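Here is the structure we will look at.
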Amino acid sequence: MAPKSLLLLLTLISFASVGHTNPAPRALCSKNRSSLHASCCVWYDVLDDIQANLFDGGKCGDAAHESLRLTFHDAIGYSPSLTKQGKFGGGGADGSIIAFSEVETTFGPNAGIDDIVEEERPFALKHKVSFGDFIQFAGAVGVRNCAGGPRLQFLAGRPDAKQASPAGLVPSPADSVDTILARMADAGFSASEVVDLLASHSIGLQQDIDPSIAGSPFDSTPTVFDSQFFVETLLKGTLYPGDGPHHGEVMSPIRGEFRLQSDAAIARDSRTACRWQSFILNEPLMSGAFQSAMAKMAVLGQNRASLVDCSEVIPPPTFSIPRIAHLPPGKKLQDLELSCHVINLPFLSADPGPSITVPPFHL
Ligand code: CA
Ligand code: CA
């Protein structure tokens with residue numbers, strides 16, 4: 001090569017390395033999709049399959065609600081304090097709730113979770129992904145199927161669970177706030193992060209606490225990830241929507257809406273009330289806090305450094321939240337039982353019209 005050409009070549013290489021970093025090569029996946037990591041490609045195939053065959057065409061339905069619930073009930077089986085005592089402290093987000101379902105579905109707070117466990121199991125087996133990964137992936141996709149649902153981080157590579165979670169690690173709606181906050185602190189969550197995780201109840205519902213009204217939601221907008229849950233849980237309770245009271249249930253303010261004892265208590269507790277109220281008129285804050293807390297929960301008990309970021313497979317947002325928080329018809333600001341007096345809610349207005357009944361959720 002002539003010296004002049006060599007100089008030009010060296011100049012070009014130097015320019016390329018300083019001024020123009022080539023994008024990282026992407027692995028080609030099915031249907032012309034791509035990923036930074038070839039190991040993420042399988043998740044596109046899982047996505048296609050579960051949107052069609054688990055989520056009924058990408059709906060925010062029963063399976064989406066239950067899939068989100070399952071992420072927590074698998075992950076929270078993790079206790080450093082048990083480990084300190086020399087016992088097995090659980091593997092956290094390891095898929096143990098599916099792998100050892102015969103043990104974990106018998107835990108009281110896991111009542112009714114066997115349905116989604118058995119719905120999810122064949123998908124994970126078919127695509128040869130771990131149960132721990134599948135549970136977090138399905139939860140993230142389920143959230144995205146709901147209007148306003150944020151895009152959660154999804155990391156893949158959790159190994160198979162070795163044994164069942166110990167009993168007693170999943171909080172119950174009948175537990176006191178002290179008990180819940182202590183259990184969650186053991187797993188590494190602050191009181192504020194407990195509230196952050198409870199944003200999930202904006203698209204939550206109960207099935208087994210009062211089976212006479214199975215499918216009754218925790219707020220009036222169970223297909224919308226919004227802050228209505230944080231408003232409505234603060235309204236004075238006036239009725240039992242089904243044949244209650246049941247263990248873990250307290251009176252709700254709206255016919256058809258179900259209120260968990262733990263939600264009502266955490267909404268009013270001095271340690272959590274300000275965080276709770278801060279979300280009502282600030283849905284971006286709620287959404288971001290939920291994303292952060294979920295990212296933390298999804299790797300409980302796992303070696304995060306060994307996981308691969310496949311978040312790009314989760315569908316991007318396509319919906320927006322249709323409206324800001326409001327009071328249901330017939331309710332007034334005075335009906336709110338506010339324990340935090342630092343955060344005011346001056347812009348909260350009530351819908352016109354007669355009081356509503358929230359229908360049970362079946363989709
Ligand atoms: Ca687990
Ligand atoms: Ca909602």
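I need every pair where a residue in region 348-359 that is within 20 Å of Asn282 (Cβ to Cβ) has its Cβ under 7 Å from the Cβ of a residue that is open to solvent by 80 Å² or more (accessible area, probe 1.4 Å) and assigned to a loop (DSSP other than H, G, I, E, B), sequence separation at least 6 or different chains. That search, which allows pairs on different chains as well, returns Ala350/Lys332. Among the candidates Phe137, Phe72, Phe55, the residue that is under 18 Å from the mean Cα position of the chain (by Cα) and open to solvent by 30 Å² or more (accessible area, probe 1.4 Å) is uniquely Phe72. Of all the listed residues (Leu348, Leu307, Leu281), the sole one being modelled with pLDDT under 90 and at negative phi is Leu348. Listed by position, the helices (runs of 4 or more DSSP H) contained in region 167-276 that have at least 2 residues being touching a helix residue (DSSP H, G or I) at 6+ places or on another chain (Cβ under 9 Å) and acidic (Asp, Glu) are 191-197.
Could you count how many residues in region 190-228 are touching a strand residue (DSSP E or B) at 6+ places or on another chain (Cβ under 9 Å) and near ligand 2 (Cβ under 9 Å from one of its atoms)?
Here the count works out to 12.
Within region 221-235, being among the aromatic types (Phe, Trp, Tyr) and within 19 Å of Gln261 (Cβ to Cβ) holds for Phe229, Phe230. In the set (1) farther than 26 Å from Ser270 by Cα; (2) touching a residue at least 40 places away in the same chain (Cβ under 8 Å); (3) part of a loop (DSSP other than H, G, I, E, B), the condition left unmet by Glu312 is number (3).
For the condition within 16 Å of ligand 2 (Cβ to nearest atom), buried (at least 21 other Cβ atoms within 10 Å of the Cβ) and at pLDDT 95 or above, Ser165 does not qualify.
The values are calculated or read from the model by the stated rules, or taken from the named source; none is laboratory data. Everything numeric in this text was worked out from a predicted model, so none of it was measured. Using ideal geometry, Cβ is built from the backbone for each residue, glycine included, and neighbour counts are taken over all protein chains shown. Heavy atoms of the whole protein, side chains included, go into the accessibility calculation; ligands, DNA and RNA do not. Shrake-Rupley method; radii C 1.70, N 1.55, O 1.52, S 1.80 Å.
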